Structure formats: C-alpha cells, structure tokens
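Comments concern the structure below.
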Amino acid sequence: MQPIQLFDAASSTYTYVLFDENTREAVIIDPVDEQVERDLATLRQYGLKLLWTIETHAHADHITSAGLLAEHAGARTAAPAGCGITTAAVQLEHGDLIHFGQESLRALHTPGHTAGSMSYVWRDHVFTGDTLLINGCGRTDFQSGSAAALYHSITEVLFALPDATTVWPAHDYQGRTHSSIGAEKAGNARIAGKTEAEFVAIMDALNLPRPKRIDEAVPANLTSGIRHDAEGQAAAAAATPEPAVKAAQAYAGDVSPQLAYDWWQSGDAVLVDVRTDAEREWVGFIPDAVPIAWKQWPGMAMNPQFDQALLSAVPKDKKVVLLCRSGVRSIAAAKRATELGLQAYNILEGFEGNPDSDAHRGQLGGWRKHGLPWRQN
Ligand SMILES: N[C@@H](CCC(=O)N[C@@H](CS)C(=O)NCC(=O)O)C(=O)O
Ligand SMILES: [Fe+2]
C-alpha cells in the first residue's frame with residue numbers, strides 16, 4: 001500500500017494521506033491551507049475519517065491547514081514538541097506512536113532544518129519533512145537551523161533505516177516524487193560520502209534567498225494556521241472559538257442544544273446543520289435539519305451558495321439556529337446569517353461537543369450528549 005501524495009504547486013509542498021484499509025481511519029502529514037478543499041475532497045473520495053493532522057515542523061514557506069481540518073473534519077492536531085506549535089493537541093516526542101486503525105506512525109526527532117523537526121516512519125516508508133530531500137536537504141540558515149545537527153539526523157537517524165525504505169520529502173522543486181534511503185545514502189550530492197565538516201561548509205555556502213512568505217507563515221504555523229491578521233479572518237472565524245461577549249454583537253446569541261431543539265419543534269426556528277456531507281455520514285445527522293455546509297477557506301471572501309440556500313430555507317419571520325461539529329463554524333455562519341438579515345443563533349458546542357472550549361461553554365457537551373434525536377447513516 002502506498003501513501004496518497006498530493007502536491008501544492010505554489011510552494012512545491014507534498015502533503016501525504018495514509019489510512020487503514022479496513023477502518024478507513026486516516027492521518028494527513030503537512031497539509032497546506034490553500035489546498036483544504038482538495039484535501040477534504042480526497043478524504044471523501046476514499047471514504048476516510050481523518051483522525052490526525054501531523055506536522056513535520058513549523059513551515060516557513062506556506063501555512064498549514066491543521067486548524068481548518070480540525071474543525072472541518074474533526075481531526076486532532078499533532079506536532080513535534082520542539083516546534084513551539086502551541087495549539088497542537090498532542091506534542092510529539094521522539095519515539096511516540098500515532099495510531100490510526102491497526103496502523104501506526106513512529107515519530108523520529110531529526111533536528112537540523114529546524115530544532116524541533118521530525119520525520120515519521122510508517123511501514124517501510126519515511127516522511128522526512130525538510131530534513132532529507134531528494135538529492136538535497138532542508139536549509140539550515142533560519143529558524144534554529146543547524147547544519148551539524150542536520151548531518152547527525154540524516155546520517156545517524158534516517159540512514160539507519162533499511163535501504164529499501166521509501167523516502168517521501170516535504171518538498172521537491174524539480175518534480176521528483178520519492179526516493180529511497182539506499183539511493184540517498186549512495187548519491188545525495190550534499191551528504192553522501194561527506195564528513196560533517198564538508199557538509200557544514202556546503203550548507204554555509206548555499207546563500208539561498210529567504211522564503212517569500214516566511215514572515216507571515218511562521219507565526220501562523222505556530223497556531224496551526226489560524227491567523228489573526230485581516231487577511232486571515234476567514235480562517236480565524238472558521239477555527240477559533242471566540243468569547244461569547246464579543247460574538248454576541250454580531251449575531252442574535254448562543255443557545256443550548258435543548259433550547260434550539262424546543263424552538264425548532266415549536267416551529268419558531270429552522271434548524272440548519274452547517275457541517276459537510278462527509279461529517280454527517282461519519283458521525284451522524286439530525287433528521288429534518290436543513291443541511292447547508294459552511295465553507296470558508298483562505299482566499300474565499302464570499303460563499304454565494306451558502307447565502308442563497310440559507311435565504312431560501314429560512315422564512316423571514318422565523319429564527320435560524322445553526323449547528324456544526326463543536327460550535328465554532330456555526331458562529332461564523334450565524335454572523336453571516338445576521339448580515340443577510342436573519343435572526344441567527346449559534347448552538348453551543350454543536351453536535352459532538354467541544355471538550356477544549358472555555359469554561360463558559362464547557363459544560364454542555366453538544367446535541368448528541370443531550371439525548372436529542374439524531375441518527376447514524
Ligand atoms: N523559494 C521558496 C523557498 C524555498 C525554500 O527555502 N525551501 C526550504 C524549505 S521550507 C528549503 O529548505 N529549501 C532547501 C533547498 O532549496 O535546497 C519560497 O520562497 O518559498
Ligand atoms: Fe521547511
């Protein structure tokens with residue numbers, strides 16, 4: 001079985017999806033924000049349930065979609081402990097295993113490109129991030145990089161894997177897709193047959209231009225891709241729980257699942273489920289709720305399909321109560337519904353509940369936990 005390899009041409013980044021063929025549980029390595037729609041479509045196409053998003057390091061050249069995938073696919077975020085990615089739910093240490101179905105991925109600390117960088121071994125494959133590239137390696141001139149550390153990571157950690165191990169890098173700038181440990185050991189121009197001193201001299205002489213997006217990308221990646229600048233508002237709205245006080249100014253209010261259900265049953269409100277079809281299929285749905293997926297990706301200012309579907313589903317004299325997985329997207333959707341002239345309420349903690357939410361919301365546990373009606377497909 002091969003990993004699914006996906007390419008982002010703008011940053012020459014490879015993203016990988018691995019899954020258990022029986023349970024269909026999946027992980028994604030180094031997802032790119034601008035490709036989130038493609039990645040969700042890939043998960044749908046293969047019938048996968050995304051359990052984990054995993055970073056090899058805090059990237060300097062593109063922004064991760066980990067935060068978006070956590071919200072839109074219900075994944076948990078994992079990142080190397082030494083990378084300062086404070087929002088990651090799991091901080092990985094050397095040797096840690098990430099399980100998906102019967103499969104697992106083993107984390108190897110491979111510092112050098114950055115001090116926290118990790119590679120991941122799965123069966124006879126290794127995902128090397130920017131530690132080892134095809135006939136190259138990650139640069140070591142910024143972000144706590146160290147050529148000496150990289151030399152040890154490559155020669156002692158990665159080259160200790162069996163020669164037949166397939167190498168899947170985070171980037172290739174010349175269209176190559178994969179290599180092997182044996183091939184890199186024998187022929188990698190920067191490191192094969194070189195002493196540490198020779199390697200350090202090569203790295204010191206590279207003189208590469210700074211990545212174009214480094215000033216924007218690194219801070220965003222330290223918070224799983226959730227940006228707080230003006231341009232990043234869409235992503236932030238989709239992925240960051242906001243204090244209810246601030247949010248209350250932009251929509252009619254927050255309601256408990258029980259109150260939303262009562263309004264819906266008495267005919268005062270229309271219940272709109274803003275989760276994606278894939279989420280409903282995996283986790284369960286509410287019979288008779290109106291499904292209108294809330295999609296807001298980086299660079300997408302408007303979503304006319306959402307607006308149109310919402311306006312035709314909700315009569316002007318009724319409230320709309322909006323539900324998502326954990327009560328985050330539904331806030332963004334309630335704000336949009338308010339802009340469209342509707343009296344819009346956010347259902348606290350959504351369908352599944354949000355164990356990470358602040359104390360104000362922490363008690364509720366979501367629609368399902370309240371014993372309100374729902375069904376599995
Ligand atoms: N031109 C690219 C920068 C490419 C770059 O510096 N890539 C890093 C990885 S984030 C690297 O280590 N490159 C190694 C190399 O080019 O040899 C950009 O502006 O984003
Ligand atoms: Fe990098």
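The values are calculated or read from the model by the stated rules, or taken from the named source; none is laboratory data. Since the model is a prediction, treat every value here as computed from it, not as a measurement. Cβ coordinates were reconstructed from backbone atoms using ideal geometry, including for glycine residues, and neighbour counts include every protein chain displayed. Only protein heavy atoms, including side chains, enter the accessible area calculation; ligands, DNA and RNA are left aside. Shrake-Rupley method; radii C 1.70, N 1.55, O 1.52, S 1.80 Å.
Working only within the stretch 158-182, note down all residues that are open to solvent by less than 40 Å² (accessible area, probe 1.4 Å) and more than 16 Å from ligand 1 (Cβ to nearest atom).
Hits for the stretch 158-182 are PHE159, LEU161, THR165, THR166, SER180, ILE181, GLY182.
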Tell me which of these HIS57 doesn't satisfy, since it passes every other one: (1) touching a residue at least 60 places away in the same chain (Cβ under 8 Å); (2) more than 16 Å from ligand 2 (Cβ to nearest atom). (2)
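Of all the strands (runs of 3 or more DSSP E) wholly in the stretch 1-92, which have at least 3 residues that are within 16 Å of ligand 1 (Cβ to nearest atom), surrounded by 19 or more Cβ atoms within 10 Å (Cβ to Cβ) and at pLDDT 95 or above?
Details: elements: 4-8, 13-19, 25-29, 49-54, 76-80, 90-92.
Where strands (runs of 3 or more DSSP E) fall fully within the stretch 1-92 and carry at least 3 residues being within 16 Å of ligand 1 (Cβ to nearest atom), surrounded by 19 or more Cβ atoms within 10 Å (Cβ to Cβ) and at pLDDT 95 or above, they are 13-19.
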Among the numbered criteria (1) open to solvent by 10 Å² or more (accessible area, probe 1.4 Å); (2) among the hydrophobic types (A, V, I, L, M, F, W, C); (3) in contact with a strand residue (DSSP E or B) (Cβ under 8 Å, 6 or more places away or on another chain), which one does LEU105 miss? (1)
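Being farther than 16 Å from ASN221 by Cβ and open to solvent by 10 Å² or more (accessible area, probe 1.4 Å) is the filter here, so list the residues in the stretch 109-135 that pass it.
The initial filter retains those residues of the stretch 109-135 that are farther than 16 Å from ASN221 by Cβ, namely 109-112, 119-128, 131-135.
Correct list: HIS109, PRO111, VAL121, ARG123, ASP124, LEU133, ILE134, ASN135.
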Return only the number of the condition from (1) near ligand 1 (Cβ under 9 Å from one of its atoms); (2) open to solvent by 10 Å² or more (accessible area, probe 1.4 Å) that ALA148 does not satisfy. (1)
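Take the conditions assigned by TED's automatic domain parsing to the domain that holds LEU105 and in contact with a helix residue (DSSP H, G or I) (Cβ under 7 Å, 6 or more places away or on another chain) and apply them to LEU158. Does it pass? I'd like the intermediate steps shown before the answer.
Numbers: assigned by TED's automatic domain parsing to the domain that holds LEU105: yes; in contact with a helix residue (DSSP H, G or I) (Cβ under 7 Å, 6 or more places away or on another chain): yes.
Judged against the criteria, LEU158 is a match.
With a cut-off of at least 3 residues that are within 30 Å of the chain's Cα centre (by Cα), within 16 Å of ligand 2 (Cβ to nearest atom) and not aromatic (Phe, Trp, Tyr), name the helices (runs of 4 or more DSSP H) lying wholly within the stretch 104-220.
Details: elements: 147-152, 181-187, 196-204.
Result: 147-152.
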